[in-house]
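K.L.:
Below is the structure I would like to discuss, written out as structure tokens.
The values are calculated or read from the model by the stated rules, or taken from the named source; none is laboratory data. Here the structure is a predicted model, which is why all the values come from computation and not from measurement. Neighbour counts are summed over all protein chains in view; Cβ atoms, including those assigned to glycine, are modelled from backbone coordinates with ideal geometry.
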Amino acid sequence: MPNPRKSLPRYLKHSSGKARIVWTDAAGTRREKVLPGLYDSPESRQAFARLQLELASFPAASATLTVTNTGPTVAEVLLPYLRYATEYHGGGSELETIKVALRLTREVYGFTPARQFGPLALKAVREAMIRTGWSRVYVNRQTRRVVRAFRWGVGEELVPPDVHAALKAVPGLRAGKTTAHELAPRLPANPADVEATLPHLPPHTRALVELLRVTGMRPAEACRMTFAQIDRSAAVWVYRPAKHKTEYRGKSRAVHLGTAAQEIISRHLGGKELAPDEPLFSPIRQREEWHAAKRAVRKSKVQPSQEDRRKAEPKKLPGRTFTSHSVSRAVAVACKKASVTPWSPYQLRHLRGAELRERFSLEHVRAALGHSHASMSAHYSSGADAVLAGEVARQAG
């Protein structure tokens, strides 16, 4: 009795010295294709990984799989687009997510001619995103970023127009119709958990979190705050970040700081004078203050050899400013120490939006959080809407 054929694609050596892929399709037919590049070369390995994803995402297309390598490649489109995106966005979270999407696409299809990057290829990239562990919503967003890169390529005459038109025909993943997992909706942080976490945070991080709590700012906006960006001429201070989420769209951003926010900043500085461009919250200054506090309570005399133990050329130093990621890591550690349900700094924005929605209209919430449209503020107020609906039921009967 003959051995059953293996359906999984196999990477083998061809008699010519090149690599080949062998697999059995859904109809039981044995198929084989020669891959570009020599056996065990990066080019052939990438082509093998690409064809594996294509077979996994659309097995019926096994007869149409292409392995040729002629003409401008996908990498030659994505790399100049990344330079364009860097100039356009100037940094920030949007640029970082674009880099992630392009990096994965380049790893799978970098050697593929750009004119051959069609719907099947896009689905294969999407399959790689799913296998990476990304959620369905994030996969759809990253897929759209890849399509935008090819749209830019059309404008630069790097890609034929029909390539972008074909990619747009690929529908997004639908809930319940894919193996990509669904993310739970982001809820406001629990106020009791936030209060229990604060004592376990370092001084600068704690003040920054307290400021996020009363203003609803995005973490990145608070991390870069300086006195030069704060107008303190009126009773309500106005902070205008030099960089913010929608800066690349030509929009302005203003954060109004009331008495609670002003008190947090004043208490944090403790009368210290900072340079106008010095960040209010600084990792390197936090470390210096920690060492100074330890030195102040030291009872024994400091030995000469211990007066300055700093390395001449340290490999890594604390940064001048915090980042949203560093604040999130500090909060995660503090949550473990406080034995509370983990929460993220961005949930403070949701908490502030929900609290404001209980007291003010949706338009007030929009203005306070800096949204362009009230619809963008609506998802922050689901918990507040439940409270308001309860009040209506009690009063209206």
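K.L.:
So which residues in the stretch 77-87 are crowded, with 16+ Cβ neighbours inside 10 Å and either at pLDDT below 85 or not aliphatic (A, V, I, L, M) (or both), if there are any at all?
P.N.:
Within the stretch 77-87, just Tyr81 meets the criteria.
K.L.:
Among the numbered conditions (1) part of a loop (DSSP other than H, G, I, E, B); (2) farther than 17 Å from Leu79 by Cβ, tell me where Leu167 comes up short.
P.N.:
Leu167 satisfies all of (1) part of a loop (DSSP other than H, G, I, E, B); (2) farther than 17 Å from Leu79 by Cβ except (1).
K.L.:
Go through the stretch 5-33 and give me each residue that's closer than 13 Å to Ala49 by Cα, modelled with pLDDT of 75 or more and in a loop (DSSP other than H, G, I, E, B).
P.N.:
Pro9
K.L.:
Go through the stretch 330-361 and give me each residue that's among the hydroxyl-bearing types (Ser, Thr, Tyr) and in a loop (DSSP other than H, G, I, E, B).
P.N.:
Ser339, Thr341, Ser344, Ser361, listed by residue number.
K.L.:
Restricted to the stretch 34-60, and to residues that are aliphatic (A, V, I, L, M) and assigned to a helix (DSSP H, G or I), which residue is modelled with the lowest pLDDT?
P.N.:
Here the residue is Ala60.
K.L.:
Scan Ala374, Ala368, Ala334, Ala338 and give me the residue that is over 19 Å from the mean Cα position of the chain (by Cα), in the same structural domain as Met217 (by TED's automatic domain parsing), modelled with pLDDT under 70 and among the hydrophobic types (A, V, I, L, M, F, W, C).
P.N.:
Exactly one of Ala374, Ala368, Ala334, Ala338 is over 19 Å from the mean Cα position of the chain (by Cα), in the same structural domain as Met217 (by TED's automatic domain parsing), modelled with pLDDT under 70 and among the hydrophobic types (A, V, I, L, M, F, W, C), namely Ala374.
K.L.:
Are any residues in the stretch 149-162 closer than 15 Å to Ala75 by Cβ and either buried (at least 17 other Cβ atoms within 10 Å of the Cβ) or free of Cβ contacts under 8 Å to residues at least 60 places away in the same chain (or both), and if so, which ones?
P.N.:
Answer for the stretch 149-162, where residues must be closer than 15 Å to Ala75 by Cβ and either buried (at least 17 other Cβ atoms within 10 Å of the Cβ) or free of Cβ contacts under 8 Å to residues at least 60 places away in the same chain (or both): Ala149, Phe150, Trp152, Gly153, Leu158, Val159.
K.L.:
Here are some residues: Ser135, Ser93. Which one is of a type in the set (Gly, Ala, Ser), surrounded by fewer than 16 Cβ atoms within 10 Å (Cβ to Cβ) and not assigned by TED's automatic domain parsing to the domain that holds Gly37?
P.N.:
After applying the criteria, what remains is Ser93.
K.L.:
Quick check on the stretch 189-226: of everything there that is polar (S, T, N, Q) and out of contact with any strand residue (DSSP E or B) (no Cβ under 8 Å at 6 or more places or on another chain), which residue is farthest from Ser324 (Cα to Cα)?
P.N.:
Asn190
K.L.:
If you check Val74 against the conditions, is it surrounded by 13 or more Cβ atoms within 10 Å (Cβ to Cβ), at pLDDT 80 or above and closer than 21 Å to Gly118 by Cβ?
P.N.:
Answer is yes for this residue.
K.L.:
So, one more: Which residue out of Thr259, Thr205, Thr197, Thr226 is under 28 Å from the mean Cα position of the chain (by Cα), farther than 30 Å from Ser135 by Cα and β-branched (Val, Ile, Thr)?
P.N.:
Thr226
K.L.:
Residue by residue through the stretch 218-237, note down the ones that are touching a Leu at 6+ places or on another chain (Cβ under 8 Å) and in a strand (DSSP E or B).
P.N.:
Hits for the stretch 218-237 are Thr226, Ile230, Trp237.
K.L.:
Identify all residues within the stretch 195-215 that are surrounded by fewer than 22 Cβ atoms within 10 Å (Cβ to Cβ) and either under 22 Å from His371 (Cβ atoms) or in contact with a Gly (Cβ under 6 Å, 6 or more places away or on another chain) (or both); write none if there are none.
P.N.:
Of everything in the stretch 195-215, just one residue is surrounded by fewer than 22 Cβ atoms within 10 Å (Cβ to Cβ) and either under 22 Å from His371 (Cβ atoms) or in contact with a Gly (Cβ under 6 Å, 6 or more places away or on another chain) (or both), namely Val214.
K.L.:
Taking the stretch 331-344 as the search range and keeping residues that are touching a residue at least 60 places away in the same chain (Cβ under 8 Å) and in contact with a Lys or Arg (Cβ under 9 Å, 6 or more places away or on another chain), which one is nearest to His204 (Cα to Cα)?
P.N.:
Among them, the one singled out is Ala334.
To keep it simple, each residue is scored yes or no on (1) under 17 Å from Pro202 (Cα atoms); (2) at pLDDT below 80.
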{"site": "Ile284", "(1), (2)": "yes, no"}
{"site": "Val302", "(1), (2)": "no, yes"}
{"site": "Tyr346", "(1), (2)": "no, no"}
{"site": "Arg349", "(1), (2)": "no, no"}
{"site": "Ala354", "(1), (2)": "no, no"}
{"site": "Arg357", "(1), (2)": "no, no"}
{"site": "Tyr380", "(1), (2)": "no, yes"}
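K.L.:
Select from the stretch 246-268 the residues that are of a type outside the set (Asp, Glu), at pLDDT below 90, part of a helix (DSSP H, G or I) and surrounded by 10 or more Cβ atoms within 10 Å (Cβ to Cβ) and list them in ascending order.
P.N.:
Selection gives Tyr248 alone.
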